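See below for the structure under consideration.
The values are calculated or read from the model by the stated rules, or taken from the named source; none is laboratory data. Everything numeric here is computed off the predicted structure, so don't read it as measured data. Neighbour counts run over all protein chains shown; Cβ positions are idealised from the backbone, glycine included. All accessible areas refer to the heavy atoms of the entire protein, side chains included, with ligands and DNA or RNA removed. Shrake-Rupley method; radii C 1.70, N 1.55, O 1.52, S 1.80 Å.
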Amino acid sequence: MGRTARSIVVAATALTAVAAVPACSSDDDSPSPTVSVGTVTRTVARAGSSEAEKVAVVRLCQQVITSAGVMARDYNAFVKRLNEVQDYAKVGSEDRWAVDTLDTGAEEVRKAVSPEVPEKVDAQVEAFVASAERLAEQIQAKRRQALNGASDRWDADRTALLDTCAGYLPAGSA
């Protein structure tokens with residue numbers, strides 16, 4: 001896939017993720033109904049969270065969702081190619097794409113953290129960012145044996161952060 005095609009996919013993914021996550025607008029801690037095109041959703045509010053904290057975490061989570069999706073896509077493309085050819089010299093640019101996407105995604109997530117984000121969420125962000133950077137380092141250093149461990153850690157950190165985000169973001173209902 002060429003650079004232009006990747007840019008279009010990245011932009012479409014980012015727009016989809018951001019459009020799918022409306023901001024919270026509740027003055028109290030109770031769930032409040034919101035309406036979106038074609039879907040009925042309810043906002044899940046954290047008890048004891050200030051409005052500024054909720055908004056900060058929702059904005060952060062929008063970036064996490066966007067970045068994590070693109071990071072996973074490019075990492076998976078790299079792994080698929082490496083598995084096919086069994087040689088770093090033959091993967092083409094997939095390793096470079098994976099490293100660049102992991103590094104860029106980590107930086108974008110890091111920049112989305114604001115002072116209103118609670119320490120627990122901030123700690124999960126730091127774990128996710130650090131494990132993404134370690135995974136990128138393993139790819140760049142062409143350490144095939146270290147990929148599984150680094151990938152497993154990154155996957156666990158990504159899942160934990162996405163699970164936390166699920167508690168702050170709108171949830172669909174029937």
Looking at (1) open to solvent by 40 Å² or more (accessible area, probe 1.4 Å); (2) under 15 Å from the mean Cα position of the chain (by Cα); (3) aliphatic (A, V, I, L, M); (4) closer than 30 Å to residue 84 by Cβ, which one does residue 166 not meet, given that it meets all the others?
(4)
Subset of the stretch 133-156 (residues that are of a type outside the set (S, T, N, Q), under 15 Å from the mean Cα position of the chain (by Cα) and either surrounded by fewer than 21 Cβ atoms within 10 Å (Cβ to Cβ) or not in a helix (DSSP H, G or I) (or both)):
133, 153, 155, 156
Going residue by residue through the stretch 95-102, is there one that turns out to be acidic (Asp, Glu) and assigned to a loop (DSSP other than H, G, I, E, B)?
no
For the stretch 80-96, give me the residue count where each residue is open to solvent by 20 Å² or more (accessible area, probe 1.4 Å) and either polar (S, T, N, Q) or in contact (Cβ under 8 Å) with a residue 60 or more places away in the chain (or both).
3
Looking at the stretch 59-79 only, could you name the residues that are out of contact with any helix residue (DSSP H, G or I) (no Cβ under 6 Å at 6 or more places or on another chain) and touching a residue at least 12 places away in the same chain (Cβ under 8 Å)?
59, 60, 72, 73, 79
Subset of the stretch 75-96 [under 26 Å from the mean Cα position of the chain (by Cα), farther than 18 Å from residue 133 by Cα and of a type in the set (A, V, I, L, M)]:
82, 91
Subset of the stretch 119-132, residues closer than 13 Å to residue 60 by Cβ and either open to solvent by less than 30 Å² (accessible area, probe 1.4 Å) or among the hydroxyl-bearing types (Ser, Thr, Tyr) (or both), comes to 121, 125, 128, 129
Being at pLDDT below 95, open to solvent by less than 70 Å² (accessible area, probe 1.4 Å) and under 22 Å from residue 127 (Cβ atoms) narrows it down to one of 49, 67, so name that one.
49
